[in-house]
Amino acid sequence: MQRRQFLQLSGASGLALGWPRVLGATEPQPDRTYWLSLLQKLADPVLTALANNQLHEKMPVEARRPGALPERRKYSHLEAFGRLLCGIGPWLNLPPDATPEGQRRAQVFGLAQRSLANTVNPVAKDYLNFSNGAQPLVDAAFLALALLRCPRLWEAATPETKRQTVEAFRLTRRIQPGFNNWLLFSGMVETFFLQNGEDYDRMRLDYALRQHEAWYKGDGVYGDGPEFHWDFYNSFVIQPFLVEILARLGPKNPQYVGMETNVWKHAARYAVIQEKLIAPDGSFPAIGRSICYRAGAFHHLATLAQREQLPPDLAPGAVRSALTAVFHRTLDNPKNFDENGWLRLGLNGHQPRLAEDYISTGSLYLTSFALLPLGLSAEAPFWADPAAEWSSQRVWAGADEVADHALGK
């Protein structure tokens with residue numbers, strides 16, 4: 001399919017959402033322009049409010065049923081910040097430059113700096129919850145991963161903010177993780193400590209990794225605990241966390257070399273599966289828990305794309321085209337956002353019945369995880385390669401594709 005035909009089919013255009021007011025009138029990469037417009041749309045309400053100590057005041061908290069609201073209000077604000085920063089962290093980590101995109105990135109970086117300082121400062125109006133209830137462990141881990149993905153932000157923090165961040169993360173050690181993917185949240189916090197020269201609990205890390213090794217079910221997928229679930233948690237959390245943890249732990253601990261080798265085999269297979277799940281129109285199966293995380297269902301595929309470690313069967317231009325189509329399907333509908341630009345419960349529009357009781361407004365910013373490849377320069381193959389059809393487009397257009405097979409078959 002020619003690039004012009006693909007753009008007409010998918011409706012790919014960054015011109016409708018305002019980014020060109022920042023980038024200028026001419027932009028040679030429509031897909032990147034569109035992705036940047038989404039980043040701006042997601043980031044601006046959260047970071048502008050938090051940087052000004054107004055997140056509690058400005059951010060609405062929506063839940064599926066009124067009875068869930070009191071509990072979710074304790075957690076939703078850290079969810080919004082940790083998850084958003086986790087998705088845009090690699091983009092913020094790009095080196096400064098004088099381009100219009102670089103100028104905008106500098107502005108967002110400044111907002112993120114101020115937001116982090118307020119998040120962990122006990123006397124700030126927007127000091128966020130790191131210890132009341134169990135949920136803070138999850139979003140402290142996402143924030144820890146964000147800082148690992150954006151070391152520039154950590155390096156730019158003041159000594160006081162660094163100290164307060166470490167103290168906030170240490171508070172989460174009081175929280176006992178569930179016997180499931182939550183073990184990796186404890187592991188990620190400890191990985192942050194390890195990476196930044198703090199005392200870390202090696203047992204929490206080792207336990208999380210070895211349990212998931214035991215929960216591997218075959219053909220590139222893990223159980224969420226002892227059982228397998230048909231949902232996207234292999235992508236939301238499990239496989240990206242395994243990849244990110246072992247990338248930092250492995251070089252310092254040769255005992256994990258064999259485990260890391262297996263994790264990468266599984267990661268490659270699961271990335272192939274993820275790409276095949278994206279239908280020709282950018283839709284994907286609405287199955288399992290947390291489907292309101294929208295494009296975040298492809299966190300794993302985006303992780304390997306951003307690390308430039310896609311398996312050979314996945315062409316970067318095709319993966320970009322597929323993820324662009326997913327964004328169109330899950331975020332173009334104006335009903336995805338309220339009148340002030342905050343995300344609303346749903347997958348494609350406002351669909352609160354699709355949400356579980358543990359999901360609220362802040363939870364939804366996990367959709368930003370699919371933006372990870374913006375952390376690649378515009379010259380990287382992911383962005384520079386021509387748009388291309390992905391697997392399901394080729395198959396359903398009648399192409400004679402090679403049959404898919406299980407890992408090792």
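General observations
- Test result for residue 345, touching a residue at least 60 places away in the same chain (Cβ under 8 Å), in contact with a helix residue (DSSP H, G or I) (Cβ under 8 Å, 6 or more places away or on another chain) and assigned to a loop (DSSP other than H, G, I, E, B): yes
- Which listed residue is free of Cβ contacts under 8 Å to residues at least 60 places away in the same chain and closer than 24 Å to residue 374 by Cβ, from 116, 171: 116
- When residue 139 is tested against (1) surrounded by fewer than 23 Cβ atoms within 10 Å (Cβ to Cβ); (2) of a type in the set (D, E, K, R); (3) under 17 Å from the mean Cα position of the chain (by Cα), just one condition goes unmet, and that condition is (1).
- Considering only residues in the range 274-310 that are outside any loop (DSSP other than H, G, I, E, B) and of a type in the set (D, E, K, R), the one that is farthest from the chain's Cα centre (by Cα) turns out to be 276.
- Residues that are touching a Gly at 6+ places or on another chain (Cβ under 7 Å), of a type in the set (A, V, I, L, M, F, W, C) and touching a residue at least 12 places away in the same chain (Cβ under 8 Å) within the range 242-268 comprise just one, 245.
- In this entry, residue 90 is excluded by the filter for residues that are surrounded by fewer than 23 Cβ atoms within 10 Å (Cβ to Cβ) and modelled with pLDDT under 95.
- Matching option when the condition is surrounded by fewer than 20 Cβ atoms within 10 Å (Cβ to Cβ), of a type outside the set (S, T, N, Q), free of Cβ contacts under 8 Å to residues at least 60 places away in the same chain and within 30 Å of residue 407 (Cα to Cα), among 127, 216: 216
- Neighbours by Cβ (under 6 Å, 6+ apart or cross-chain): first from the range 355-374, in contact (Cβ under 8 Å) with a residue 24 or more places away in the chain; second acidic (Asp, Glu): 361/62; 362/79; 363/79
- Restricting the search to helices (runs of 4 or more DSSP H) fully inside the range 29-123 and requiring at least 2 residues that are within 21 Å of the chain's Cα centre (by Cα) gives 30-51, 76-92, 100-120.
- Some residue of the range 314-329 being among the polar types (S, T, N, Q), touching a residue at least 24 places away in the same chain (Cβ under 8 Å), on the phi < 0 side of the Ramachandran plot and buried (at least 21 other Cβ atoms within 10 Å of the Cβ): yes
The values are calculated or read from the model by the stated rules, or taken from the named source; none is laboratory data. This one's a predicted model, so the numbers in the text were calculated from it and none came from an experiment. Please note: Cβ atoms are built from the backbone with ideal geometry, for glycine as well, and neighbour counts cover all protein chains shown.
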